[in-house]
Amino acid sequence: MTADNTPLTTETLQKEILGFLAERIKTEVQTDQDLFASGVVSSMFAMQLVVHLEDAYDIAIVGGDLKLDNFRTVVSMADLVLRLKGDPEAAGDA
């Protein structure tokens, strides 16, 4: 569930992550855009993404989940959050 008690879905997560990115990097991105390869964000910004996702969705991103591929696209970040929240659909995609 999100802060306003709406179900946590892939669509909801992607929309929220896109909003966070737009606010921070002042540019719009696509959900499947490689944020690092396109130069939109840096590896240093990845740490901000980690902290944001952990705080916003009450998850811990540790160990093997701290790889750049989990933060490369909005889709991959949403999948990571759902998997760490225990969503069975996302767990099957990992």
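Read-outs: derived from the displayed coordinates by stated rules, not from any lab. All values reported here derive from a predicted model rather than from experimental measurement. When we count neighbours, we look across all protein chains shown, and the Cβ atoms used for this are built from the backbone with ideal geometry, even at glycine.
Quick notes on this structure:
- Here Lys85 is the anchor, and the aspartates and glutamates within straight C-alpha reach of less than 19 Å, apart from those fewer than 8 places off in the same chain, are Asp4, Glu11, Glu16, Glu54, Asp55, Asp58, Asp65, Asp69, Asp93.
- Annotation for segment 19-85: GluC sites (Glu not before Pro) lying in DSSP loop with at most 14 further Cβ atoms inside 10 Å of their Cβ are Glu28.
- Ignoring the sites themselves, the chain has its longest run without trypsin sites (Lys or Arg not before Pro) in a DSSP loop having at most 13 other Cβ atoms within 10 Å at 27-66.
- The simple spin-label model puts a point 7 Å past each Cα toward its Cβ; for Ala56 and Gln30 those points are separated by 2.1 nm.
- Base-10 log of normalised Debye intensity for the chain (one unit scatterer per alpha-carbon) at q = 0.11, 0.17, 0.23, 0.26 Å⁻¹: -0.28, -0.68, -1.31, -1.66
- If R0 is 25 Å, the Cβ-Cβ spacing of Leu66 and Thr10 corresponds to a FRET efficiency of close to 0.70.
- Unit charges at the beta carbon, dipole of the chain: most positive-side option, Ser42, Gln14, Ala60: Ser42
- Alpha-carbon centroid distance for the pair segment 8-25 / segment 30-66, whole angstrom: 12
- The chain: angle of helix 10-25 to the longest principal axis, Cα-based, in degrees nearest 10: 30
- Label-to-label distance for Phe45 and Glu23 is 1.5 nm, based on points extended 7 Å past Cα in the beta-carbon direction.
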